1. Could you grab me the full set of residues in segment 32-42 that are touching a strand residue (DSSP E or B) at 6+ places or on another chain (Cβ under 6 Å) and either closer than 9 Å to residue 8 by Cα or among the polar types (S, T, N, Q) (or both)?
2. Taking segment 1-44 as the region of interest, how many residues are touching a Ser or Thr at 6+ places or on another chain (Cβ under 8 Å), exposed (fewer than 13 other Cβ atoms within 10 Å of the Cβ) and at pLDDT below 90?
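The values are calculated or read from the model by the stated rules, or taken from the named source; none is laboratory data. Because the structure is a prediction, the values reported are computed rather than measured. Cβ sites come from the backbone with ideal geometry, for glycine too, and all protein chains shown count toward neighbours.
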Amino acid sequence: MDPVPTRRIAATEFKNRSLGLLKEVAETGEPLTVTSHGHPIVHIIPTNESPLGILGCAPEWRGLMDDPEYSPFSEEEWAQFAADRTTAV
């Protein structure tokens with residue numbers, strides 16, 4: 001079930017109309033759910049409605065992300081995270 005009731009569109013139709021639909025979501029603020037065989041596969045919401053914002057984090061964290069004093073991870077954990085990301089790609 002969708003977390004928020006939204007307009008639904010089949011993936012094949014979304015493929016043909018994607019640019020117009022993205023513009024419509026941005027302008028109206030109305031979310032859109034893309035489906036495959038009737039099952040939701042992705043929710044499209046305008047960035048101004050995202051609880052995490054455009055940077056992918058809560059606004060109160062944005063200023064702290066690069067400050068090591070407030071980091072929730074140790075230097076070793078960050079190094080392991082970076083190593084895992086480079087080997088995964």
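1. Initial filter on segment 32-42 (touching a strand residue (DSSP E or B) at 6+ places or on another chain (Cβ under 6 Å)): 32-35, 40-42.
Selection gives 32, 33, 34, 35, 40.
2. Matching residues across segment 1-44 total 1.
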